[in-house]
Amino acid sequence: MDAPDSQPQATTPVSMVILSIGLLLLLASLDQTIVSTALPTIVADLGGMDHLSWVVTAYVLTSTVVAPLYGKLGDLYGRRNMVFVSVALFLLGSVLCGVAGSMTFLIASRALQGLGGGGLFVLALSVVGDVIQPQDRGKVQGVFAAVFSVSSVIGPLVGGWFVQYVNWHWIFFINLPIGLIAVVIFGSSFKPRGIRVKHKID
């Protein structure tokens with residue numbers, strides 16, 4: 001549990017927090033565009049053409065379901081802690097996707113990956129609210145919008161490059177260094193705030 005921090009705003013390096021959150025959002029948004037590009041190759045390798053759509057749907061479904069929960073869990077247990085949980089689930093799912101030897105295993109791994117990915121977007125906006133004053137939040141949202149624009153352009157290129165010159169497994173393994181760098185920066189820059197709000201999760 002986060003320890004109380006009497007001066008969270010004064011001790012938080014805002015630029016580093018924004019950098020780490022931007023990397024996490026890039027990670028989550030890139031994943032979708034890279035995977036879509038590699039789907040034909042994945043199906044050719046693993047088979048299961050009838051279940052092709054579930055490689056994408058499993059991720060979207062689980063990430064959508066858990067997104068509202070992360071908001072409440074962040075209030076209950078601390079946003080810093082929940083970012084760590086979210087990233088851990090996402091990276092674990094990425095590893096399992098990368099070693100998948102069947103379409104069923106890949107779909108299950110994508111569902112686990114979505115359990116983490118659903119928190120990345122929600123918690124990113126919450127963290128911004130903690131470290132940025134209201135009048136400056138529009139600028140930060142503009143930066144995050146640019147992240148999504150960049151991912152939509154480079155995602156298919158990166159996915160195509162991995163498929164052509166390496167193999168499709170690396171479209172998932174590439175998440176590991178990016179995610180680890182982002183979480184290290186976040187953990188060292190976003191200090192525990194010690195603020196909790198009780199919720200009843202229905």
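The values are calculated or read from the model by the stated rules, or taken from the named source; none is laboratory data. Everything numeric in this text was worked out from a predicted model, so none of it was measured. Positions of Cβ are backbone-derived with ideal geometry, glycine not excepted, and every protein chain shown enters the neighbour counts. Accessible surface areas use protein heavy atoms only, side chains included; no ligands, DNA or RNA. Shrake-Rupley method; radii C 1.70, N 1.55, O 1.52, S 1.80 Å.
Expressed as a whole percent, the accessible surface of the chain that belongs to carbon and sulfur atoms is 70, based on a 1.4 Å probe.
Stretch ASP45-VAL153 to full length: gain in nm at 0.36 nm per residue minus the Cα-Cα span? Gain on extension, ASP45 to VAL153, equals 36.3 nm. Once the convex hull of the C-alpha atoms of the chain is built, how many Å³ does it hold per residue, rounded to a whole number? Considering the Cα atoms of the chain, their hull volume per residue is 113 Å³.
Rounded to the nearest whole Hz, the Karplus-based 3J(HN,Hα) values (6.51 cos²θ - 1.76 cosθ + 1.60, θ = phi - 60°) of region 168-173 follow the sequence 5, 4, 6, 5, 9, 5, with x at glycine and proline. Spin-label model, SER188 to TYR77: label points 7 Å out along the Cα-to-beta-carbon direction sit 2.6 nm apart.
Semi-axis lengths, largest first, of the ellipsoid equivalent to region 68-135 are 29, 10, 9 Å, with √(5λ) applied to each eigenvalue of the Cα gyration tensor. Projection of the Cα convex hull of region 128-195, averaged over all directions and equal to a quarter of that hull's surface, yields 6.0 nm². Using only Cα atoms, find the angle between the long axis of helix 137-165 and the longest principal axis of the chain, and express it within 0 to 90 degrees, rounded to the nearest 10. Compared with the principal axis, the helix lies near 20 degrees. Per residue, region 5-108 exposes 43 Å² of solvent-accessible protein surface, assessed with a 1.4 angstrom probe and all protein chains in place. Each helix, a run of at least 4 DSSP H residues, gives -39500 (n - 2.57); summed and divided by the residues of the chain, these come to -27500 deg cm²/dmol at 222 nm.
Relative contact order, whole percent, for the chain stands at 44, derived from Cα pairs under 8 Å and 6 or more residues apart.
Stretched out straight at 0.36 nm per residue, the stretch from VAL56 to ILE181 would grow longer than its current Cα-Cα span by 42.4 nm.
Placing +1 on the Cβ of every Lys and Arg and -1 on the Cβ of every Asp and Glu, with nothing else charged, gives the chain a dipole about its Cα centre of roughly 520 debye.
Axis angle, to the nearest 10 degrees, between helix 79-98 and the longest C-alpha principal axis of the chain: 10 degrees.
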